[in-house]
Amino acid sequence: MGTIYRTKQGEVFNCEHWIESDMGDKYALNENDFPEIHAIALADLATVNANTFDFIVEHFPDYEHCQEAAELDDLDCLIAGECDDEKTERITSTYGSDPENWKHTRAEIYTNMIQVAIEEYNKTFL
């Protein structure tokens, strides 16, 4: 899980990687413009939410009833091996039987949800 930060210029980004300099300064890596990556000192950032999932729940439009949330839940269940046989059959008919594909698909859905939640946050608060 990452952390959602806001820069002094108002840019909001999801950070999943941090670095520390030899002098002990800590930096969040903004990968929004990948392959260009920006290291921003934590001292220069405001934490919007320390948990990306909570941020999604709060800012993704109609999270409780959206298809993406249902897909995440299904994939989480499948990846964790917590589905009964009937649910496993239903989900694998959509996502196939390859656990690596499930993880990749889940990561894509999650990343897209973070981006939509950030866009909605920006509409509301910036």
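Considered as a group, the residues in the range 7-21 that are open to solvent by 30 Å² or more (accessible area, probe 1.4 Å) and not hydroxyl-bearing (Ser, Thr, Tyr) include one that is nearest to residue 123 (Cα to Cα), and that residue is 11.
Let's see how each residue does on (1) touching a residue at least 40 places away in the same chain (Cβ under 8 Å); (2) touching a strand residue (DSSP E or B) at 6+ places or on another chain (Cβ under 7 Å); (3) farther than 27 Å from residue 13 by Cβ; (4) open to solvent by 30 Å² or more (accessible area, probe 1.4 Å):
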site	(1), (2), (3), (4)
45	yes, yes, no, no
51	yes, no, no, yes
55	yes, yes, no, no
60	yes, no, no, no
66	no, no, no, no
73	no, no, no, yes
80	no, no, yes, yes
86	no, no, yes, yes
99	no, no, yes, yes
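Flag: residue 94 does not match the condition of being farther than 14 Å from residue 13 by Cβ and touching a residue at least 24 places away in the same chain (Cβ under 8 Å).
Does residue 24 satisfy the criteria of being on the phi > 0 side of the Ramachandran plot, in contact (Cβ under 8 Å) with a residue 40 or more places away in the chain, part of a loop (DSSP other than H, G, I, E, B) and open to solvent by less than 60 Å² (accessible area, probe 1.4 Å)? Considered against the rule, which asks whether it is on the phi > 0 side of the Ramachandran plot, in contact (Cβ under 8 Å) with a residue 40 or more places away in the chain, part of a loop (DSSP other than H, G, I, E, B) and open to solvent by less than 60 Å² (accessible area, probe 1.4 Å), residue 24 comes out as no. In summary, residue 93 fulfils each of the numbered conditions (1) under 20 Å from residue 126 (Cβ atoms); (2) open to solvent by 30 Å² or more (accessible area, probe 1.4 Å) with the single exception of condition (1).
On the given criteria, is residue 124 open to solvent by 30 Å² or more (accessible area, probe 1.4 Å), closer than 18 Å to residue 51 by Cβ, in a helix (DSSP H, G or I) and not hydrophobic (A, V, I, L, M, F, W, C)? So residue 124 does not fit the description; no. Among the residues of the range 72-108, those identified as outside any helix (DSSP H, G or I) and either touching an Asp or Glu at 6+ places or on another chain (Cβ under 9 Å) or closer than 22 Å to residue 53 by Cα (or both) are 80, 81, 82, 83.
The values are calculated or read from the model by the stated rules, or taken from the named source; none is laboratory data. Computed from a predicted structure; not experimentally measured. Note: ideal-geometry Cβ built from the backbone for every residue, glycine included; neighbour counts use all protein chains shown. Just so you know, the surface numbers come from the protein's heavy atoms only, side chains and all, with ligands and any DNA or RNA stripped out. Shrake-Rupley method; radii C 1.70, N 1.55, O 1.52, S 1.80 Å.
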